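Heads up, the thing below is written out as structure tokens.
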Amino acid sequence: MRTLTMSKRIIKQIIGDKRSLALLFIAPVFVLFLFDVILNATIENPKLLIDTNTKIPIELVDELKKQGDVTKSSDLEGALLDKIKNREYDGLIQISDNKLITTVEGTEMSINTSVQKSVATAFSNYTKDTMSSNEKLSMMGIKMMDNEINYINGSSDMSTFDSIAPMMMGFFIFFFVFLLAGIAFLRERISGTLERLMATPIKRYEIVMGYFLGFGVFVMIQTIIIQLFMVYGLGIEIKGNSFSVLLINVLLAAGSLSLGTLLSTFAKTEFQLIQFIPIVILPQILFSGIFSLREAPIWVEGLSKIFPLTYAADALTGVVIRGSTLFDVGTDVLILLGYAIVFIVLNTIALKKYRRL
């Protein structure tokens, strides 16, 4: 009987907490829906650029058109490679020295796989059209074993983890800093420390900046440890400048820190703070670039633009894998800085309700 009484009390508490009900029943459905949309948005028709200066047989071009979105160009090789490097196209198709050469940008494994599959299928079908593979290949002077893949960034030895490591680095920094800041700031409120501070002449922005800098010391240490472990523990090679990677991670951590303290002002318990994870943290990993969003609905790509990790992942991938400079990823860096500033301002405004009148 006492067990039932306890159960009834818990049920009433949960029913009375509308946010808990929403997160229990609505958030999982929403996240699963996002997973379904993003994971099913596979790249079936890669954008292939054909170098017509290399005299690719028309029959092979026809087969490639069946496998992807084909564009022919007679531009100079440097200009064609720039289009691949800038990700305007997924793969460049050429014939040189009796080899069918496919060049990819290299940083997105899903695109690499799609291009290789499409080219291999087209080449296989082409060799079977009118005669045996060996006869036709011999006549053209091309061998299937000479089907070569070139990478502008990365290499054929790059594993899936290598390609997503920069994004994962940013995600873990964002996630753990969010928890650290949110829970620590919440405890300050629960213990009454924040209310006592608010009763003093100290200004709200001074309180926010004090917490920000105090937590920031540990955030900086955590960021450095994660980055060092990724490089020296897991062997991730940073093609660009290591200090650029550190700066991007610190800016991301600053935004996560200020977001964690901001959301903690809307939670009464640690359980309520953790409830924000499905709607604030989990979608970040979906939209960070681990999964290609090119074939996803437009609203999905638009939704990805509101998350800080989207910009951090793009900047980190640029510096780590492509060797980009801070100038190259300047837009992403400025947006991350903007997020940190906006969240700090919102923190200051949110503290109004704790000021005793």
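The values are calculated or read from the model by the stated rules, or taken from the named source; none is laboratory data. As the structure is a computational prediction, the values presented were derived from the model and not from experiment. When we count neighbours, we look across all protein chains shown, and the Cβ atoms used for this are built from the backbone with ideal geometry, even at glycine. Calculation scope for accessible area: heavy atoms of the full protein, side chains included, ligands and nucleic acids excluded. Shrake-Rupley method; radii C 1.70, N 1.55, O 1.52, S 1.80 Å.
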Self-check item: Rounded Å value of the spacing that divides the Cα centres of region 245-297 and region 88-114
Solution: 34
Practice problem: Could you sort 55-63, 89-97 so that the peptide with the highest average Cβ count within 10 Å comes first and the rest follow in order? | Solution: 89-97, 55-63
Practice problem: Using R₀ = 30 Å, calculate the FRET efficiency as 1/(1 + (r/R₀)^6) where r is the Cβ-Cβ separation of Phe229 and Ile274; round to 0.05. | Solution: 0.75
Self-check item: Cross-link table Lys117/Lys305; Lys72/Lys99; Lys47/Lys83, entries beyond 21 Å C-alpha to C-alpha
Solution: Lys117/Lys305
Quiz item: When ranked by the protection proxy of mean other Cβ atoms within 10 Å per residue, highest first, what sequence do the peptides 278-288, 165-175 form?
Solution: 165-175, 278-288
Quiz item: Ignoring any ligand, DNA or RNA, what whole percent of the accessible area of region 215-335 comes from carbon and sulfur when the probe is 1.4 angstrom?
Solution: 72
Quiz prompt | Most to least packed among 267-277, 232-242 [average Cβ atoms within 10 Å] | solution = 267-277, 232-242
Quiz prompt | Cross-link reach list, aspartates and glutamates versus Lys66, counting only Cα pairs under 17 Å and skipping chain neighbours closer than eight places | solution = Glu44, Asp90, Asp129
Quiz item: So how far apart, in nm, are the two label points at Asn40 and Leu282 if each is 7 Å from Cα heading toward Cβ?
Solution: 1.8
